[in-house]
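This report concerns only the one structure given below.
The values are calculated or read from the model by the stated rules, or taken from the named source; none is laboratory data. On a predicted model such as this, the values are computed, not experimentally measured, just so you know. Note that each Cβ is placed from the backbone with ideal geometry, even for glycine, and that neighbours are counted across all protein chains shown.
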Amino acid sequence: MEQEDHFWQRRFHDFNVWSARKEREKLTYMHHNPVKRGLVSRPEQWPWSSAGYYAGGKAGPVKVNE
């Protein structure tokens, strides 16, 4: 059997987010990664995140809805 080349690992793949619930789930996951890794104590402290925007409208280097 021939092995296929894949960009994404089997459990990681791209997909469209169709619901507000799934959008919140994915944003929460992404925003908490720097906290989980011990890089910051709060998601909005990570400068390359949109967490500050979602937490209180703080503008940052990550453009949201442009």
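List, please: which pairs have Cβ atoms under 6 Å, are six or more places apart or on different chains, and start with a residue in region 37-52 that is part of a helix (DSSP H, G or I) and end with one that is among the hydrophobic types (A, V, I, L, M, F, W, C)? These pairs meet every condition: 43/35; 43/51; 44/51; 44/55.
Counting only residues that are among the β-branched types (Val, Ile, Thr) and at pLDDT 90 or above, which one in region 23-66 is surrounded by the most Cβ atoms within 10 Å (Cβ to Cβ)?
Here is the first cut: in region 23-66, the residues among the β-branched types (Val, Ile, Thr) are 28, 35, 40, 62, 64.
Now narrow it down to the ones that are at pLDDT 90 or above: 28, 35, 40.
Working: 28: 12, 35: 16, 40: 14.
Only one residue fits best here, namely 35.
In region 4-22 there is no residue that is at pLDDT below 80, touching a helix residue (DSSP H, G or I) at 6+ places or on another chain (Cβ under 8 Å), among the β-branched types (Val, Ile, Thr) and assigned to a loop (DSSP other than H, G, I, E, B).
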